[in-house]
Amino acid sequence: MFEQVADRIRSAKKIVFVTGAGISQESGIPTFRGKDGYWRKYDPMQLATIDAFYENPELVWEWYEERRKNILDARPNNGHYAISSLEKYKDVTVLTQNIDGLHQRAGSSEVLEIHGSIIRIRCTFCDYKDDITSGFDSLPPKCRCGNMLRPDVVWFGEPLPQDVWRKSIMHAQSCDVMVIAGTSLAVSPANTLPLYAKQNGAILIEVNPEATVMSERMDLSLRETSANALPHLVSICES
Ligand code: BJW
Ligand code: ZN
């Protein structure tokens with residue numbers, strides 16, 4: 001089985017990666033549902049919904065500010081670097097649920113952030129959007145229009161950015177190989193991306209130390225961490 005998959009990787013023109021919190025775990029960024037994950041300690045309905053934000057904007061902002069500082073101090077790991085180095089051999093697109101920007105910092109040139117970015121803020125009322133370059137004097141920060149600013153991330157019950165999502169489906173439908181790394185595939189609609197790929201004949205490879213709800217649909221499951229497993233995928237292309 002592994003040799004068949006290796007051949008498909010060697011002959012693939014286009015490889016799409018679908019990544020989640022697990023790929024940044026070895027950079028010191030907690031996951032959501034894994035061991036020590038945020039949702040093991042905190043209630044997502046109190047931190048990651050628009051209702052929670054209007055109920056207690058200070059609490060939500062404090063959580064995002066703490067995470068943003070940790071993310072800015074973090075560095076990409078060998079998993080992120082393996083994906084960017086694969087661009088030497090293949091057409092590579094990264095569809096990430098992560099908001100941490102580590103794929104871009106590792107050098108990946110085609111990254112679609114389907115759940116937004118912790119580096120960006122946007123107004124809850126007007127069209128204002130910007131990248132955050134420093135901290136805020138007080139929380140919640142306010143827009144020039146007087147309304148609250150919020151992190152430009154996708155919370156539960158919110159639609160994904162439509163242009164990004166549309167492009168993500170197109171990439172999923174046109175790849176030869178999809179590698180799904182560090183995601184529990186618990187959250188929709190991101191967890192439908194492997195189905196689009198499979199429907200169009202791509203092979204699916206999962207990289208995750210734990211089984212997921214979609215493991216049985218995978219052509220290959222590598223039960224290793226992404227920083228260990230992904231460099232091996234690159235070496236297949238080098239051989
Ligand atoms: C390793 C590793 C290592 C560890 N190496 N691997 C019922 C009620 C209400 C809503 C719903 C419902 N049923 C379905 C829904 C929809 C909902 C949903 O899916 N909920 C489910 C949880 C039940 N989805 C939504 O609401 C989405 N929007 C939507 O559907 O809109 C519809 C709409 C259309 C039109 C108009 C209006 C609405 C939005 C989802 C937003 C998700 N947001 C979050 C937080 C924001 C971003 C942030 O602050 O960071 O996004 S939640 C959180 O989960 C975050 C992640 O991106 C996302 C996915 O998590 P991920 O990345 O998979 O992490 P984990 O922790 O789950 O998994 C990590 C994995 O890594 C594990 O498997 C480990 O084993 C592994 N791992 N170390 C490799 N070293
Ligand atoms: Zn505004």
Criterion (open to solvent by 60 Å² or more (accessible area, probe 1.4 Å) and in contact with a Gly (Cβ under 7 Å, 6 or more places away or on another chain)) met by exactly one of GLU26, GLU55, GLU62, GLU110: GLU26
Residue that is surrounded by 17 or more Cβ atoms within 10 Å (Cβ to Cβ) and within 13 Å of ligand 1 (Cβ to nearest atom), where the choices are TYR42, TYR38: TYR38
Among (1) within 11 Å of ligand 1 (Cβ to nearest atom); (2) open to solvent by less than 20 Å² (accessible area, probe 1.4 Å); (3) of a type in the set (A, V, I, L, M) - the single one LEU86 does not satisfy: (1)
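Looking for whichever is more than 16 Å from ligand 2 (Cβ to nearest atom), more than 30 Å from THR124 (Cα to Cα), surrounded by 15 or more Cβ atoms within 10 Å (Cβ to Cβ) and touching a residue at least 40 places away in the same chain (Cβ under 8 Å) here; the options are ILE15, ILE71. Which one fits? If you could, list the steps in order and put the result at the bottom.
On the way: ILE71 fails: more than 30 Å from THR124 (Cα to Cα).
After applying the criteria, what remains is ILE15.
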Residue within the range 43-58 that is more than 16 Å from ligand 2 (Cβ to nearest atom), among the aromatic types (Phe, Trp, Tyr) and either out of contact with any Lys or Arg (no Cβ under 8 Å at 6 or more places or on another chain) or at pLDDT 95 or above (or both) present: no
Residue count, the range 134-180 (criterion: open to solvent by 20 Å² or more (accessible area, probe 1.4 Å), away from ligand 2 (no atom under 16 Å from the Cβ) and in contact (Cβ under 8 Å) with a residue 40 or more places away in the chain): 13
Hey, ARG166 among the basic types (Lys, Arg), more than 20 Å from ILE23 (Cα to Cα) and in a helix (DSSP H, G or I) or not: yes
Residue pairs meeting the criteria (Cβ under 9 Å; at least 6 apart or on separate chains; first charged (D, E, K, R), in the range 37-65; second in a helix (DSSP H, G or I) and at pLDDT 95 or above): ASP43/ALA52; ASP51/MET45; GLU55/GLN46
Unique residue being within 14 Å of the chain's Cα centre (by Cα) and not basic (Lys, Arg) when the list is ILE205, ILE180: ILE180
Members of the range 59-80 found to be under 19 Å from ILE236 (Cα atoms) and over 15 Å from the mean Cα position of the chain (by Cα), listed by number: ASN78
Hey, VAL187 among the β-branched types (Val, Ile, Thr) and in contact with a strand residue (DSSP E or B) (Cβ under 7 Å, 6 or more places away or on another chain) or not: no
Qualifying residues in the range 114-133 (those that are hydroxyl-bearing (Ser, Thr, Tyr) and within 11 Å of ligand 2 (Cβ to nearest atom)) - the one farthest from SER188 (Cα to Cα): TYR128
Verdict on ILE121 being more than 9 Å from ligand 1 (Cβ to nearest atom), among the aliphatic types (A, V, I, L, M) and open to solvent by less than 20 Å² (accessible area, probe 1.4 Å): yes
Residues being in contact with a Gly (Cβ under 9 Å, 6 or more places away or on another chain) and either assigned to a helix (DSSP H, G or I) or more than 9 Å from ligand 1 (Cβ to nearest atom) (or both) - total across the range 141-163: 2
Hey, SER188 assigned by TED's automatic domain parsing to the domain that holds ASP43, away from ligand 2 (no atom under 16 Å from the Cβ) and either of a type outside the set (A, V, I, L, M, F, W, C) or under 28 Å from ALA227 (Cα atoms) (or both) or not: no
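The values are calculated or read from the model by the stated rules, or taken from the named source; none is laboratory data. The model shown is predicted, which means the values in this text are computed figures rather than measured ones. Glycine gets a Cβ as well: all are built from the backbone with ideal geometry, and neighbour counts include every protein chain shown. Just the protein is used for accessible areas: all its heavy atoms, side chains included, with ligands, DNA and RNA removed. Shrake-Rupley method; radii C 1.70, N 1.55, O 1.52, S 1.80 Å.
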